[in-house]
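Trainee: Quick one: the structure is below, and I'll ask about it shortly.
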Amino acid sequence: MNAQVLNLVIILFVVQVARKLDLENPENIIYVRTGYIGVQSFILFICYYLATIIKKKNDITALEYVEPAKRLTDEPSKHVETTNRDYDLGKLQELLKQTVIGIFFMMILHLWFEFTQPLFIQSLLPLKITYENPLVQIHLLGKVAEGELKRPFKTAGLFGNFVDSQQPQTDKSSIKKAKKASNSGQRD
């Protein structure tokens, strides 16, 4: 099943569970807040632990790919040369940034607008998203970096589809073309 569809099904199920709970009761709100803080703390701990594992492995295998052009910009595709270690640390930084932005967003929704139901939903959904993260799959669960887990990781589009034009390219011709384009851009 598609990950985004599964997320939607989980959200709909959790919304139904949240409706059964009395989220107006201050005691229940404390439990929901505690659960949310616990889950987010666990995810931040996982990010820290992943960083220590990645640095300890120190995988300096060369990784070369072409990063696709950003949508709605005039920026061209760019050639990237890095190592597995640096690539993984960059992706881990993206996961950490996503988590922190989510925490601040939920703080605004809960403390300013006094919404409690999204707090309950975000107590469960980030666990699934973190579990599906390729870094967790490779470094914590010990899966081999092949297929879907091969670096550079594929990124899903808005509705979970993998649009080839928005994926990192690893074939020799794309890399050669991007190198040539970046060299001609530097000469100008």
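No lab work stands behind these numbers, since they all come straight from the coordinates. Just so it is clear, the structure is predicted and the values come from calculations on it, not from any experiment. Using ideal geometry, Cβ is built from the backbone for each residue, glycine included, and neighbour counts are taken over all protein chains shown.
Trainee: Given K128/K154; K128/K150; K57/K154; K55/K97; K56/K180, which pairs have Cα atoms separated by over 30 Å?
Mentor: K56/K180
Trainee: In square nanometres, what is the average projected area of the Cα convex hull of region 15-54?
Mentor: Averaged projected area of region 15-54's Cα convex hull equals 3.4 nm².
Trainee: Continuing with this model, one more query. Taking 25 °C and 0.890 mPa s as the conditions, I'd like the Stokes-Einstein D for the chain in µm²/s, using the Kirkwood hydrodynamic radius from alpha carbon pairs.
Mentor: 129 µm²/s
Trainee: Taking the 0 to 90 degree range and rounding to the nearest ten, how far is the long axis of helix 172-187 tilted relative to the main principal axis of the chain, both from C-alpha atoms?
Mentor: 80 degrees
Trainee: Please compute the contact order of the chain in relative form: average sequence separation of alpha-carbon pairs under 8 Å and at least six residues apart, divided by the residue count, as a percent.
Mentor: Averaging sequence separation for qualifying contacts and normalising by length gives 30 percent for the chain.
Trainee: Which is the longest stretch in the chain that no exposed loop site breaks, taking sites as GluC sites (Glu not before Pro) with a DSSP loop state and at most 10 other Cβ atoms within 10 Å?
Mentor: Formally, the longest exposed-site-free interval is 25-113.
Trainee: Hey, another quick one. Which of G102, T155, I11 sits farthest toward the positive end of the charge dipole of the chain, with +1 on the Cβ of Lys and Arg and -1 on the Cβ of Asp and Glu?
Mentor: T155
Trainee: Report, in degrees rounded to the nearest 10, the 0 to 90 angle that the Cα long axis of helix 3-20 makes with the longest principal axis of the chain.
Mentor: It is inclined by approximately 10 degrees.
Trainee: Shifting gears a bit: So what is the calculated 222 nm ellipticity per residue for the chain, using -39500 (n - 2.57) for each DSSP H run with n of 4 or more, over all residues, to the nearest 500 deg cm²/dmol?
Mentor: -18500 deg cm²/dmol
Trainee: Counting other Cβ atoms within 10 Å, which chymotrypsin sites (Phe, Trp or Tyr not before Pro) in region 97-127 have at most 16 and lie in a DSSP loop?
Mentor: Those that pass, being in a loop and sparsely packed, are F113, F115.
Trainee: Calculate, in nm to one decimal, what T83 and D22 gain on full extension: separation in residues at 0.36 nm each, minus their alpha carbon distance.
Mentor: Working it through step by step, the gained length comes to 16.9 nm.
Trainee: What length, rounded to one decimal in nm, is gained on full extension from K179 through to F115, with 0.36 nm per residue of separation minus their alpha-carbon distance?
Mentor: That pair, K179 and F115, stretches by 18.0 nm at full extension.
Trainee: On to the next question. Compute the long axis of helix 26-57 from its Cα atoms, compare it with the longest principal axis of the Cα atoms of the chain, and write down the angle in degrees, 0 to 90, nearest 10.
Mentor: Its long axis makes an angle of about 20 degrees.
Trainee: Need one number: nm distance between label points at K128 and Y49, each 7 Å from Cα along Cα→Cβ, rounded to one decimal.
Mentor: Distance between label points: 2.2 nm.
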